[in-house]
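Read the structure below first, then the notes.
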Amino acid sequence: MWRRFWTLVAGAARGPRSPRSCTRQGSGAPVPGSGATVFALSSGQGRCGIAVIRTSGPASGHALRSLTAPQDLPPARSACLRLLSHPRSGEPLDRALVLWFPGPQSFTGEDCAEFHVHGGPAVVSGVLQALGSVPGLRPAEAGEFTRRAFAHGKLSLTEVEGLADLIHAETEAQRRQALRQLDGELGHLCRAWAKTLTKALAHVEAYIDFSEDDNLEEGVLERVDSQVRELELALSAHLRDARRGQRLRSGAHVVVAGPPNAGKSSLVNLLSRKPVSIVSPEPGTTRDVLETPVDLAGFPALLSDTAGLREGVGPVEQEGVRRARERLEQADLILAVLDASDLASPSSCNFLDTIVTPAGAGNPKENSQRLLLVLNKSDLLPRGGPDPSPNLPPHLLLSCLTGEGLDGLLEALRKELAEVCGDPSTGPLLTRARHQHHLQGCLDALGHYKQTKDLALAAEALRLARGHLGRITGGGGTDEILDIIFRDFCVGK
Ligand SMILES: Nc1nc2c(ncn2[C@@H]2O[C@H](COP(=O)(O)OP(=O)(O)O)[C@@H](O)[C@H]2O)c(=O)[nH]1
Ligand SMILES: [Mg+2]
């Protein structure tokens, strides 16, 4: 390699210029309308026991005093019971717990106040109106509290995303993954990688500036090369897992397919616990693809019911079959359903030959589509009789009618989805296309570093790679990206 042509003579150890500190600082992102004090209902809408209203901004202390006069501010971060009244009319509004969080030790980093009021609509609107009458206060916009926390360096962008995901998490797996991201795991990883690159960059720059003085220790550039190689391996491993992380966040595509009348729609209704599809003894009932989001054994999934696969039907059903095949190609997991009492029929045999066998049921190759074979209508088989299909690939027996075999199917689904989505506690960390894009950008820049023969260009490539990592956690994020991310939040968060 080109660097071998350079002779480095061991000399007085002159360390690289001090790498830039990696401690977290405010993102520097502007907060629209910052300077104002904002308020909002932070708990859910509707009648409830307790509702939480909060404020953030410099006038928070004044607002708290105005509503609890003549009492003074409560001690910081201690709950106190206070009578709330309207600052103008003096009308009592509620007896509530109030909390005072002087900045920077608050969620947003600004002065914050919380009012834990009784959750009746009249109380909530009375307190919100009272806050609106305090000079300098205005209602918060969606995501504004979190945006302020980000601007003041309380949360990195990946933590903000984790928080949004936690608020929207509907399954156990989503909750676990969101919590990991909120805890900053992805951010820590990116910052550690960025630190490695900062060091590497400092070495390359030191070499550019000082190598002619023969003042650098030997092997500096070789060490940078090996650090870059290690980083490439780590980034590639995470990128390979990125698709799984995104499935875990947005749901795996599970497609139920099989010949007509096998019980596909019955299975979709059973798994989603609601009548999504019409069930009928008439073959060809389901024609369009019907989708429903479900919690499958703790994992998020988008479950699709499809038309029964068969030939020689009318144009409408043919279109249904075409859509079913199209959807099958996009599936992360295929739930292949056959009628256990009708395994010798031409449509069953054809389905086995064209869908089940090529997918390698029970023996999936890495990165290939996964498939679970389910033999439905087990209630029609003689009780205690032999396995109806000893020559079939591994399969599960189920009766949608009686529910027998459902537990076994859910357990098998849990295992399959853990493969498809990854383990939410230890598995993939990249949950969004944005993460994947920047990690790929970083990897590409490292590729340029390896190819270039010019030290200045090599340094530029390292700088570019580091920039991509910084953008994952929010450094130098454009307003446009921030707007997209904060749009995920509701008012009051
Ligand atoms: N005996 C029995 N009948 C079932 C079972 N599951 C579904 N069926 C019946 O099989 C017929 C076709 O069901 P459906 O769910 O519409 O099948 P699809 O065409 O594959 O969607 C309906 O009459 C269902 O009541 C089962 O486990 N046992
Ligand atoms: Mg159907």
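The values are calculated or read from the model by the stated rules, or taken from the named source; none is laboratory data. Please read these numbers as outputs of a predicted model, since none were measured by experiment. Reconstructed Cβ throughout: ideal geometry from the backbone, glycine too, with neighbour counts over all protein chains shown. Surface accessibility is based on the protein's heavy atoms, side chains included, excluding ligands, DNA and RNA. Shrake-Rupley method; radii C 1.70, N 1.55, O 1.52, S 1.80 Å.
Couple of notes before you dig in:
- When restricted to residues that are among the polar types (S, T, N, Q) and near ligand 1 (Cβ under 6 Å from one of its atoms), segment 265-289 contains 5.
- Within segment 275-367, strands (runs of 3 or more DSSP E) holding 3 or more residues that are free of Cβ contacts under 8 Å to residues at least 40 places away in the same chain: 290-296
- Among the residues of segment 51-107, the ones that are open to solvent by 30 Å² or more (accessible area, probe 1.4 Å) and among the aliphatic types (A, V, I, L, M) come to 9 in all.
- Test for VAL256: is it open to solvent by less than 40 Å² (accessible area, probe 1.4 Å), assigned to a helix (DSSP H, G or I), under 19 Å from LEU409 (Cβ atoms) and within 15 Å of ligand 1 (Cβ to nearest atom): no
- None of ARG249, ARG229, ARG243 is modelled with pLDDT of 85 or more, open to solvent by 20 Å² or more (accessible area, probe 1.4 Å) and in a helix (DSSP H, G or I) except ARG229.
- Any pair with Cβ under 7 angstrom, 6 or more apart, that starts in segment 105-131 at a residue that is in the same structural domain as ARG77 (by the TED database) and ends at one that is assigned to a helix (DSSP H, G or I) and open to solvent by 10 Å² or more (accessible area, probe 1.4 Å): VAL117/VAL123; VAL117/VAL124
- SER280 vs. criteria within 14 Å of ligand 2 (Cβ to nearest atom) and closer than 30 Å to THR431 by Cα: no
- Among (1) within 16 Å of ligand 2 (Cβ to nearest atom); (2) in contact with a Leu (Cβ under 8 Å, 6 or more places away or on another chain) - the single one LEU333 does not satisfy: (1)
- Top-ranked residue of segment 195-214 - restricted to ones that are hydroxyl-bearing (Ser, Thr, Tyr) and within 18 Å of LYS450 (Cβ to Cβ), ranked as modelled with the lowest pLDDT: TYR207
- Filter result for PHE351 (more than 12 Å from ligand 1 (Cβ to nearest atom), open to solvent by less than 40 Å² (accessible area, probe 1.4 Å) and touching a Leu at 6+ places or on another chain (Cβ under 7 Å)): no
- Enumeration of residues in segment 116-143 that are buried (at least 16 other Cβ atoms within 10 Å of the Cβ), in contact with a Pro (Cβ under 8 Å, 6 or more places away or on another chain) and not in a loop (DSSP other than H, G, I, E, B): LEU128, ALA130
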